[in-house]
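Take a look at the structure below.
The values are calculated or read from the model by the stated rules, or taken from the named source; none is laboratory data. Only a predicted model underlies this, so the values are computations on that prediction, with no experimental measurement involved. Virtual Cβ from ideal backbone geometry, glycine too; neighbours counted across all protein chains shown. Areas reflect the complete protein model, heavy atoms only, side chains present, ligands, DNA and RNA absent. Shrake-Rupley method; radii C 1.70, N 1.55, O 1.52, S 1.80 Å.
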Amino acid sequence: MSFNLKPYQSIRHFSNLMSDYLDEKEHLKTLYHRFPRLENFKDQVEEKQLEWSASQYKRDVLADVIEHQYRNVDDKTESLKNIKILKDSNTFTVTTGHQLNLFTGPLYFLYKIISTINLCKQLQNNYPDFNFVPVYWMATEDHDFEEIQYFNYEDKKVVYNRKASGGVGRLSTQGLDKVLEVFKSFLGKHDNALEVMSLFKKGYLENKNLADATRAIAHELFKVHGLVIIDADDHRLKSLAVPYFKEELVSKDSFTAVSKTLENWPDHYKVQVNPREINLFYLTDDYRKRIIEKNGTYFIDEIDQSFTQKEILQELENHPERFSPNVIMRPLYQEVILPNLCYIGGGGEMAYWLELKDYFDSQKVTFPILLLRNSALLATTKQLNKVGNLELEIWDLFKKDHELTTQLTHKISEIEIDFSSQKEHLTKQFQELHELAMQTDLSFENAVHAQERKQIKGLEHLEKRLLKAQKRKHDDFLERALLLQKELFPKGSLQERQANFSYFYQEHGSTFIEKIMDSLDPLDLRFTIIEL
């Protein structure tokens, strides 16, 4: 089946900020550098090439660190090829980032990476003199374990219960064998299900920490496409960012710049994140805590530890890996260590990136092109046939449930549920009374107005009662529609934000990933329906 694609702006699940960004509203243009159009990448490449013209050392460190991180990864020919060409001055990256969610978490993890790979292919075709490498930046330093400790499988939640502190990438995989036992009970024993279990084992039972486990899983899914996966929780990579971290500790540049941006932030957009005075954490294997400066002394929040300015700068020189950028500083760290052209993310990520343009300018670092990742709905042929049998369009299911049932009831009711003509007739009758009232005193005119409003409201009430009655009469039919909507929009949310890839993998095998890759165009900013 073929479907008319819908602009993201027309779908209720996307924020006003994202809709206005995609519409290139004039009042947002100071918040980004270049809009994500293919022709704009030419200037982005030239600017980044100039910025990195004397950065061979950075390229060498970057490639050497990532190659070392891949030392235990199997079947890495394509990825290794891309890692090695990072040393070439004509090589640039397109990057996406994601938390280390258990077994990749929500389905949009795939869409982020597929958008990144597909954009690199488009850029390669259009700018053949350069190399373009897709990069997945693992958020290994995040410390909110509760956000990543589970994934959904159909209506069940698979949870990794354990105590955790510090950056999640350093956490051991101990106990995930028990999680696998629970997960296995939800799967069958057919070939695709066995492949899913094998992938889980390869990631979590053959690696010692969550960073290595996540790399193994993402690599296995995308190894033929040359995806490069980076763990930036690394001494050598952090060393490249020491000058920026030092400025942060001493001058609090990010706080100043982002605060300036937020002073002019339009009131009708939510502020995604507010800056701290210092946007660095102090990171060890045991904790990740804020750095707070008071009167020249730097305290580690909730820890009995402090530094003078001289001591903390010495600590930074000796142990840069102990300094972990938060959500405000991490994008700068990324763009400092990668020859990056574009960041691909979801709406929430785009929202906080849009707060950072002034900060990047203050640090003289090129601001990347910001591209909203692809969004899609996966539906089987059987489900799409059900949509047709209900005389619906697939887009009708994107509505709220009460809007869907109201629309359907109006469509199938043998009685017209519309009292517009009655209201119009009533209004005409009252028009004569209004003319009469104008010849008397004000109190009579007010009484006529009040009576008109009362009777119009009475008709509206009856109209609602009739709609309810017809909904009850056609309850079985409406229930079928709601059941289908629930299948495709679990918990009333977009499928990509709830479902895990494993459900589709065990149903359709690895080919469903290639089907998604063939269906998504990262620069086509419209929602896609993919038939499985």
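Between their Cα atoms, which of K157/K399; K163/K189; K246/K289; K58/K364 are more than 22 Å away from each other? Please list the in-between numbers first.
On the way: K157/K399 25 Å; K163/K189 32 Å; K246/K289 18 Å; K58/K364 17 Å.
From the list (K157/K399; K163/K189; K246/K289; K58/K364), the Cα-Cα distance tops 22 Å for K157/K399; K163/K189.
Taking θ as phi - 60°, what are the ³J(HN,Hα) couplings along the range 127-140 by the Karplus curve (6.51, -1.76, 1.60), each to the nearest whole Hz, with x for Gly and Pro?
After applying 6.51 cos²θ - 1.76 cosθ + 1.60, I find 10, x, 7, 10, 10, 10, 10, x, 10, 10, 8, 6, 7, 6 Hz.
Check T93: other-chain or 5+ apart residues with amide H under 5 Å from its amide H, H built from backbone geometry?
When sequence neighbours closer than 5 places are left aside, the close amide H contacts are V133, N340, L341.
Go through R465, R288 and list them by solvent-accessible area, largest first, probe radius 1.4 Å. Walk me through the intermediate numbers first.
Numbers: R465 145, R288 20 Å².
The ranking, largest first, comes out as R465, R288.
Which of the peptides 486-495, 196-205 is most tightly packed, and how do the rest follow, judged by the mean count of other Cβ atoms within 10 Å per residue?
Numbers: 486-495: 16.2, 196-205: 18.3.
Peptide ranking by packing, descending: 196-205, 486-495.
So, with a 1.4 angstrom probe, what is the percent of accessible area on the chain that is carbon and sulfur? Don't skip to the answer; put the middle values down first.
Working: 11750 of 24960 Å².
Accessible surface attributable to carbon and sulfur in the chain totals 47 percent.
Per residue of the range 311-327, in order, report the coupling 6.51 cos²θ - 1.76 cosθ + 1.60 (Karplus, θ = phi - 60°) as ³J(HN,Hα) in whole Hz, putting x for Gly and Pro.
In residue order, the calculated couplings are 5, 6, 5, 5, 4, 5, 5, 7, 9, x, 5, 7, 10, 10, x, 8, 4 Hz.
Looking only at the range 44-73, which residues have a backbone nitrogen under 20 Å from a spot 7 Å from the Cα of K223 in the C-beta direction?
66-73
Quick one: which residues, 5 or more positions from A376 or on another chain, have an amide H under 5 Å from its amide H? H modelled 1.01 Å from N in the peptide plane, none for Pro or chain starts.
T528
Which one is right for this structure if mean projected area of the Cα convex hull in nm² is calculated from it: (1) 24.1; (2) 32.3; (3) 28.4?
(2)
Assuming a ≥ b ≥ c are the square roots of the Cα gyration tensor eigenvalues, decide whether the range 33-83 counts as rounded (a/c under 1.5), prolate (otherwise, with a/b larger than b/c) or oblate. Don't skip to the end; give the middle numbers.
On the way: a/c = 3.77, a/b = 1.76, b/c = 2.14.
Oblate, because a/c is 1.5 or more while a/b does not exceed b/c.
Along the Cα→Cβ direction, 7 angstrom out, place labels at E393 and R236. What is the inter-label distance in nm?
5.5
Residues of the chain: accessible area per residue at 1.4 Å, in Å²?
On the way: 24960 Å² over 532 residues.
Here the residues of the chain average 47 Å² of exposed surface.
Given Cβ point charges of +1 (Lys, Arg) and -1 (Asp, Glu) and nothing else, what value in debye, to the nearest 20, does the dipole of the chain about its Cα centre take?
Values: 69 positive and 82 negative charges, 178 e Å.
Dipole size: approximately 860 debye.
Run the numbers for E311 and V273: contour at 0.36 nm per residue of separation, minus the present Cα-Cα distance, in nm. List each step's numbers first, then the result.
On the way: separation 38, 0.36 × 38 = 13.68 nm, distance 2.97 nm.
So the chain would gain 10.7 nm between E311 and V273.
Principal axes first, then extents: for the Cα atoms of the range 317-403, list largest minus smallest coordinate on each axis, whole Å, largest first.
66, 26, 26
With a ≥ b ≥ c taken as the square roots of the eigenvalues of the C-alpha gyration tensor of the range 191-231, please select rounded if a/c is under 1.5 and otherwise prolate if a/b is larger than b/c or oblate if it is not?
Oblate.
Would you compute, from DSSP H runs of 4+ residues alone, the mean residue ellipticity of the chain at 222 nm, taking -39500 (n - 2.57) per run and dividing by the full residue count, rounded to the nearest 500? Kindly include the intermediate steps, with their values, before the conclusion.
Details: 22 runs with 253 residues, N = 532.
Value at 222 nm, helices only, nearest 500: -14500 deg cm²/dmol.
Using a/c under 1.5 as the rounded threshold, could you call the range 1-126 rounded, prolate or oblate? The axes a ≥ b ≥ c are square roots of the C-alpha gyration tensor eigenvalues, and prolate needs a/b larger than b/c, oblate otherwise. Present the calculation step by step, with values, prior to reporting the outcome.
Working: a/c = 2.13, a/b = 1.37, b/c = 1.56.
Oblate is the answer for the range 1-126, as a/c is 1.5 or above yet b/c matches or exceeds a/b.
Explain nothing, just compute: Karplus ³J(HN,Hα) = 6.51 cos²θ - 1.76 cosθ + 1.60, θ = phi - 60°, for every residue of the range 44-59 in order, whole Hz, x for Gly and Pro.
Each residue of the range 44-59 in turn: 5, 4, 4, 5, 5, 4, 5, 4, 9, 5, 10, 10, 4, 4, 4, 4 Hz.
Can you give the net charge of the other residues whose Cβ lies under 13 Å from the Cβ of G509, counting K and R as +1 and D and E as -1?
Values: positive: K515; negative: D191, E195, E507, E514.
Here the count lands on -3.
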